[in-house]
1. With (1) over 30 Å from F226 (Cβ atoms); (2) touching a Phe, Trp or Tyr at 6+ places or on another chain (Cβ under 9 Å) as the list, and V27 as the residue in question, which single condition is left unmet?
2. May I ask you to list pairs of residues, at least six apart or on different chains, whose Cβ atoms are under 8 Å apart, with the first in region 4-27 being touching a residue at least 60 places away in the same chain (Cβ under 8 Å) and surrounded by 14 or more Cβ atoms within 10 Å (Cβ to Cβ) and the second being of a type in the set (K, R) and in a loop (DSSP other than H, G, I, E, B)?
3. Within the set of pairs 6 or more residues apart or between chains, which connect a residue that is within 19 Å of R270 (Cβ to Cβ) inside region 220-235 to a residue that is assigned to a helix (DSSP H, G or I) and modelled with pLDDT of 95 or more with Cβ atoms less than 6 Å apart?
4. Scan region 198-213 and report the pairs whose first residue is at positive phi and whose second residue is hydrophobic (A, V, I, L, M, F, W, C) and crowded, with 21+ Cβ neighbours inside 10 Å, with Cβ atoms within less than 7 Å and a gap of 6+ or a chain change.
5. Scan region 211-267 for residues that are closer than 24 Å to T44 by Cα and among the basic types (K, R) and jot them down.
6. What do you reckon, is S36 among the small types (G, A, S), surrounded by fewer than 19 Cβ atoms within 10 Å (Cβ to Cβ) and touching a residue at least 60 places away in the same chain (Cβ under 8 Å)?
7. Among the strands (runs of 3 or more DSSP E) confined wholly to region 1-114, which include 2 or more residues that are within 28 Å of A197 (Cβ to Cβ)?
8. Of the numbered conditions (1) in the same structural domain as E182 (by TED's automatic domain parsing); (2) hydrophobic (A, V, I, L, M, F, W, C); (3) in contact (Cβ under 8 Å) with a residue 40 or more places away in the chain, V118 satisfies every one except a single condition; which is it?
Amino acid sequence: MKITHDGTVLRGRALDVRDLDVSGRDVVAAVRGAASPVAIDAPTPGAIHERVGYVRPGMGLSTRTALAVAARSLGHSAPQDDEIAAVEVKLSALSCPSVSTRAARKAASDRGTETERVRERVAELRGRVQAARERGEEPAELEAELATAVRELSEVETAAAAARETLVAAREDAREARDARERRMRLEDRRANLERAARAQLVERVDGAYADAVTAVPGPTPADPFKADPVTAALAIGRVADLAAPVVLECDRFESEGAAASWLDAPVVRL
């Protein structure tokens, strides 16, 4: 492992960087390939590093989840893995568009209202034409106005029919979208149940080693390994896991960074 910062270069399996003007987050970012004022040449971190690669007071940790990831780092698998993968494929292929019928409903309503308005206008003009004829008048002007209104009615009725068809299609799309969302929810529930079962299986593979590691962590030993404080649990999980990338330690559990690296069997950067 090599660390470079502001012209200073440090090499070794266990490095103390407390004299450098860097933070733990800077170092972790460099280990994980993110932007950082520190440059680190070290093995690429695996998934377990996201859980226990930065150990410090106040950290959060889901012990069983992290322990399951540790088990996978050791090559363990769970009987549910194939089914989880199959569910993931189904979820990735499932499209759940957001569909609203509001615009289609408004358009259909507006077209319907317009149709009724023109229809009433046509009925009124027909009545006036009929009345004029009964009085012996020549209603040529009214007849022309009526003909124009009839043409307009035909046009608005056609538009109203199209708007209704659009609304029917929008409602069908919305129904299909609801069905797709319901399928997604069922698949997500299934995946969550499978992942819980897989996690339990994986934890069983390494819970004995984890309990032994908790006992070996410097400091107070909890009666229940799964109720250990996050720092103790993270260190114990790190000891169980296959950690290739440097572990960033911002805690005082070991006499030296060398002792920490030996205990964890992993490269260590101490702050």
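1. Of everything listed in (1) over 30 Å from F226 (Cβ atoms); (2) touching a Phe, Trp or Tyr at 6+ places or on another chain (Cβ under 9 Å), V27 misses just condition (1).
2. G24/R56
3. Cβ pairs passing all conditions: A234/V52.
4. none
5. R239
6. Details: among the small types (G, A, S): yes; surrounded by fewer than 19 Cβ atoms within 10 Å (Cβ to Cβ): yes; touching a residue at least 60 places away in the same chain (Cβ under 8 Å): no.
In short, no.
7. Those strands (runs of 3 or more DSSP E) do not exist here; none qualify.
8. Status for V118: all satisfied but (3).
The values are calculated or read from the model by the stated rules, or taken from the named source; none is laboratory data. Keep in mind that this is a model prediction, so the values were computed, not measured. We place every Cβ from the backbone using ideal geometry, glycine too, and count neighbours over all the protein chains shown.
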